[in-house]
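In what follows, a structure is listed as structure tokens, so that the remarks can point back to it.
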Amino acid sequence: MVRPAEMRDADAIAAALNPVIRNTTISFKPYELSLDEVRELIAMAPGIFVAEVDGKVVGYASYDQFRRGAGYARSMEHSIILAPEARGHGIGRTLMAVVEDHARAAGVGSLWAGVSGENPGGVAFHDRLGFETVAVLPKVGFKFNRWLDLTLMRKWLQPAGDETSGSH
């Protein structure tokens, strides 16, 4: 089951996210999020959703503006984190479908993924969902005392032919 996140989900979201921050290069964040920071994320993100299995939150997905400024108001970047036991069961695809539908209904044009160069599974996941690789930015992240590449992937959410400017 996927539903909008609520404040009561802050502990579960932090429990899914913080080990990824602490132990991997999937996230470039250098420090874990406090419960107050997770609550702020829930309150401020235009869309944040949790996946539950047997009443337990096993992952979340959210989106927010890609870059600051009015010119970017219809370009969003998403984040998706699943607990290890939730991977490979279609939960990530379900979460992403909800995020895409919500963003599309809000008039979002493009949804972006910034995927660590050390996360080929993340690139493959987004590729299967119809995201296209737009760029690989070499050595833009730094974590665990090493430089990390970032793959930028994009999916257009509006009807074909509704892209009124730019090459994408």
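Some observations on this one:
- Residue check, I81 open to solvent by 20 Å² or more (accessible area, probe 1.4 Å) and touching a Gly at 6+ places or on another chain (Cβ under 9 Å): no
- Among the residues of the stretch 12-51, the one identified as in contact (Cβ under 8 Å) with a residue 60 or more places away in the chain and touching an Asp or Glu at 6+ places or on another chain (Cβ under 6 Å) is T25.
- Selection status of A10, in a helix (DSSP H, G or I), modelled with pLDDT under 95 and of a type in the set (A, V, I, L, M): no
- Strands (runs of 3 or more DSSP E) fully within the stretch 52-130 counting 3 or more residues that are free of Cβ contacts under 8 Å to residues at least 40 places away in the same chain and not small (G, A, S): 75-82
- Residue match in the stretch 42-52 (condition: open to solvent by 30 Å² or more (accessible area, probe 1.4 Å) and farther than 28 Å from V108 by Cα): no
- Selection status of A113, closer than 23 Å to G59 by Cα and open to solvent by less than 40 Å² (accessible area, probe 1.4 Å): yes
The values are calculated or read from the model by the stated rules, or taken from the named source; none is laboratory data. Source: prediction; values computed, not measured. Don't worry about glycine lacking a Cβ; one is built from the backbone with ideal geometry, like all the others, and counts go over all protein chains shown. We work out accessible area using only protein heavy atoms, side chains counted, and drop any ligands, DNA or RNA first. Shrake-Rupley method; radii C 1.70, N 1.55, O 1.52, S 1.80 Å.
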